[in-house]
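Trainee: Attaching a single structure in structure tokens format; questions to follow.
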Amino acid sequence: MQNHAYNGAYPCLRRLARVLLLAGFILAAVPAMAAEDIKLATTTSTENSGLLKVLLPVFEAKYGGKDRGVAVGTGAALKLGENGDADVVLVHARALEDKFMAAGFGSVRKDVMYNDFVIVGPKRDPAGVRGSKDVIAAMRKISASGARFVSRGDESGTHQMEKNYWKSAGVDPQGAWYVASGQGMGQVLTMAGQFEGYTLTDRATYAAYKDKTGLETLVEGDPKMFNPYGIIAVNPQKHPTVNNLGAMALVNWMTSPEGLKAITDFKINGVQMFFPSAK
């Protein structure tokens, strides 16, 4: 005896199978939804040195979305985070970072890397600071010489450190010799080269601009010139619209073995520029 119920259902099952197969083909043809873009606020040193051009494509290939970075001074980067206009910040002014965290604007902060500051200036070195390993004494000599000094003047991490040095040196920097530019590190190095003056810079950006400026490294090696960087995810409890998943993905990748290796491998003229500090 034939099973009429089964025979009646069979064409329906075949049609359902065709529909499901067709749906599978359609879904396979539709690309996976891209990850939401990340807004990174960082310092000009990470941009001008060329580090971000190396790191971000590697991260984006894993994450699936774009990192929309803006390079400004540390103070401005933290302000973007404070206003919810950035998802994550990569900066180098620990006192300002701690203040940012204490105010609840950051949910997670991690050490990432470090390099150091150097004082660069013209070959003729009118202030006579060449070879000094005492940054405070060198700043006093530059001020006393009346030689031109070009400052970031933008509340960046470099500018914060510079102000600390002047304060320790007992110098109130003002007058025709002192130029507060309000510019990023690359522009400041260019100006210092044009003026045949001095400036304080992170070593990586100087290395990237050295051949364009004619400036030489004159003061280095003082422990006070240590320059650590931290990465902070903006707190979604303060700003619910931030891309917290993306921010944490970047924080975790930057401090992962893969991210730290990419930082270690970044070199300018064969010289390593940044050193991992993440645990």
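The values are calculated or read from the model by the stated rules, or taken from the named source; none is laboratory data. Values in this document were obtained by computation on a predicted structure and should not be read as measured data. Neighbour counts run over all protein chains shown; Cβ positions are idealised from the backbone, glycine included. Ligands, DNA and RNA are stripped out before the accessible areas are found, and what is left, the full protein with its side chains, is counted by its heavy atoms. Shrake-Rupley method; radii C 1.70, N 1.55, O 1.52, S 1.80 Å.
Trainee: Mind counting the residues in the stretch 238-253 that are touching a strand residue (DSSP E or B) at 6+ places or on another chain (Cβ under 7 Å) and either within 16 Å of ALA204 (Cβ to Cβ) or part of a loop (DSSP other than H, G, I, E, B) (or both)? So that I can check it myself, show each step before the final result.
Mentor: Of all residues in the stretch 238-253, those touching a strand residue (DSSP E or B) at 6+ places or on another chain (Cβ under 7 Å) come to 242-244, 246-248, 250-251.
Next cut, either within 16 Å of ALA204 (Cβ to Cβ) or part of a loop (DSSP other than H, G, I, E, B) (or both) only: 242-243.
Summing the residues that are touching a strand residue (DSSP E or B) at 6+ places or on another chain (Cβ under 7 Å) and either within 16 Å of ALA204 (Cβ to Cβ) or part of a loop (DSSP other than H, G, I, E, B) (or both) in the stretch 238-253 gives 2.
Trainee: Among the numbered conditions (1) open to solvent by less than 30 Å² (accessible area, probe 1.4 Å); (2) touching a Phe, Trp or Tyr at 6+ places or on another chain (Cβ under 9 Å); (3) at pLDDT 90 or above, tell me where ASP67 comes up short.
Mentor: The one condition ASP67 does not meet is (3).
Trainee: All but one of (1) out of contact with any Phe, Trp or Tyr (no Cβ under 7 Å at 6 or more places or on another chain); (2) closer than 18 Å to HIS239 by Cβ; (3) not hydroxyl-bearing (Ser, Thr, Tyr) hold for GLU82; which doesn't?
Mentor: (1)
Trainee: Can you run down the residue pairs with Cβ atoms below 9 Å, 6 or more apart or on separate chains, where the first is in the stretch 235-246 and touching a residue at least 40 places away in the same chain (Cβ under 8 Å) and the partner is open to solvent by 100 Å² or more (accessible area, probe 1.4 Å) and acidic (Asp, Glu)?
Mentor: ASN243/GLU36; LEU245/GLU36; GLY246/GLU36
Trainee: Among the numbered conditions (1) of a type outside the set (Lys, Arg); (2) out of contact with any strand residue (DSSP E or B) (no Cβ under 9 Å at 6 or more places or on another chain); (3) at pLDDT below 95, tell me where SER277 comes up short.
Mentor: (2)
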